[in-house]
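The structure appears below as structure tokens.
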Amino acid sequence: MHTTANSSNPTGKLDAGKIFRLGQRVHFTGQPRRVGTVGYVGAVEGYGGDWVGVDWDADGEGKHDGSHNGVRYFTARGPDTASFVRSHNLSSGVSLLEALQTRYRAQTTKEELDEMYVLSARNKKVSIELLGKHKIEDKFSRFEELTSASLSYLGVSFPGSPDHISSTLPNLKELDLTGNLLADWNDISIICEGLPALTALNLSNNSMSHAILSTPRLSNIRILVLNQTGVVWDQMEALKDALPHMEELHLMGNKLREITPVSSAFVQGFDTLRLLNLDNNCISAWDEIVKLSLLHSLEQLFLNNNNLNRISYPECGKLDKPCNEFGNGSQERSIRPFKSLCSLYLGGNNIEDLESVDSLNSFPNLMDIRLSGNPVADVGKGGVARFVVIARIAKMELLNGSEVGPRERKDSEIRYVRLVMSKCNADPEDIRRLHPRFHELKKIHGLDDERPTTGASGPQKMASGLISITLKCVGASMGEKPPLVKKLPATTTVGKLKNLCESFFKLKSVKPILFLKEEGSPLPILLEDDMATLVELGVGNESTILVDELS
């Protein structure tokens, strides 16, 4: 319970029902970042006057779940997100232009000026003034010249007059309304109607209504950001015709689980959409993503931090389908799923299998891929090293944000071929199935003549002979030692290399541990299997191995 009383209304007997309504978005007075939704208006047993039950957006902001002293008044999101508040402690918000005045024409307060000082040599406060402060304030106070405005967390809850908005902000192109009290799509329509130059709109952290009763006027919007608004795909289908020129759509953190097209198995329309951001949602089935495969302009697809456990290229890519299924008459044509997709970001999912990695070769124009944070790309979780991913995906130019240059590609592919050849006891058909690019890469790099041979002592030896590696000491107690470049057989085991490092660097009473430092990888890879050979671990020519000490 928040029981702070206003001196003019000590009992809270103001009729809260005339001020607040169920479902209304509010913020705590003087704290526009503390935002919530009204869940109850009325009396609370044991307390006088009317109360407003608020379910706050942030966990821990409240004291209960909508019940008090055994009586349930409403059901909140969580056990500690709700509280009962006197109406005078809540704000129902301000208009767009009131927020604009607050943000850009507010004068510096005396308290703020008092805080702007430095200490002199005699420890006295000397007031300072920011260079160009008045010039900047003057520029932002001329609203007609503004092309970009940020009104985040200012309690905007309604637009005001569209004519007044239009005359005040005739040139505004970008508007950030993050964290306000907006919910009604009709209000968004009025804002866009009043801002004819607006092309980018950020509504993140507003709780947008699921009901879209009439088509809003959003035709100029190119970039629409709806992160953490609760908006799911059904609403985007309802908004589709209102956004004929949309190029970027951001739907992060909306607990979205499904892609739900209206009139087909695939999403249609969105003809200008180039970037779709679905990060931090709850999508687990790749079949949901396949529903986006016929968005012909889609170039970038963000799927980081979902629950995907596999990837595959849609089978319909191999088939001719009647165009009338996609609204283009009775003629037939070849459908190329994801035909324009250049960038696919899959970090932080649950992908484990290399078959999913191999399927990325089928995407016709895919060059930029993110797989970090998946088991398949985490050596510590049984995944494969960076060079293996590079070798298996032919056209990739960026992996996990790092460029794959010609030299790294060539080295990775050669290392990969030799890694597979070191385990060449497998059935040839199994090799073709498990390593689809193996024979192609052998031919590209002229490795057809290399064969594993078995010596008298048993270990396999590669016809390629020695590899050159750089050894660098990084252990705290090892002292400063210059790096060493050594040529060693590719069949040298990790255990043998540890012994050699003790000799090379004259390490006494130090048990070395080894890490492979790969180009483009953010962290070195621990070589922990003493029986594994360098070639099996993908250590190639000119690799760097860090020598640390066991703590």
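The values are calculated or read from the model by the stated rules, or taken from the named source; none is laboratory data. Every value quoted in this text rests on a predicted model; they were computed, and no experiment measured them. Cβ atoms come from the backbone with ideal geometry, glycine included; neighbour counts cover every protein chain shown. For accessibility, only protein heavy atoms count, side chains too; no ligands or nucleic acids. Shrake-Rupley method; radii C 1.70, N 1.55, O 1.52, S 1.80 Å.
Residue pairs exceeding 18 angstrom between C-alpha atoms, taken from Lys255/Lys381; Lys472/Lys498; Lys395/Lys423; Lys63/Lys255: Lys255/Lys381; Lys395/Lys423; Lys63/Lys255.
With R₀ fixed at 51 Å, the C-beta to C-beta distance from Arg72 to Lys423 puts the FRET efficiency at about 0.20. Reported value for the range 17-76: 90 Å³ per residue, from the convex hull of its C-alpha atoms.
Eigen-decomposition of the gyration tensor built on the alpha-carbon atoms of the range 261-313 gives equivalent ellipsoid semi-axes of 19, 14, 10 angstrom, largest listed first. The relative contact order of the range 159-290, computed from alpha carbon pairs under 8 Å that lie at least 6 residues apart in sequence, is 19 percent.
Shape class of the range 175-224 from the Cα gyration tensor (axes a ≥ b ≥ c, square roots of the eigenvalues): oblate, since a/c reaches 1.5 or more and a/b does not exceed b/c.
With the cut-off at 1.5 for a/c, could you classify the range 210-251 from its C-alpha gyration tensor as rounded, prolate or oblate?
On the way: a/c = 1.97, a/b = 1.08, b/c = 1.83.
Oblate, since a/c reaches 1.5 and b/c is not below a/b.
Quick check: the distance between the Cα centres of the range 486-551 and the range 58-87, to the nearest angstrom? Taking the Cα centre of the range 58-87 as reference, the centre of the range 486-551 is 57 Å away. If the chain linking Ser166 and Asn541 were pulled fully straight, counting 0.36 nm for each residue of separation and taking away their Cα-Cα distance, it would gain 128.5 nm. The shape of the range 360-429 comes out prolate: with a ≥ b ≥ c from the C-alpha gyration tensor, a/c is at least 1.5 and a/b beats b/c.
Here the label points at Leu213 and Gln31, each 7 Å from Cα along the C-beta direction, are separated by 3.3 nm in the simple model. Nonpolar atom fraction for the range 337-380, defined as the carbon and sulfur part of the 1.4 Å probe accessible area, stands at 44 percent.
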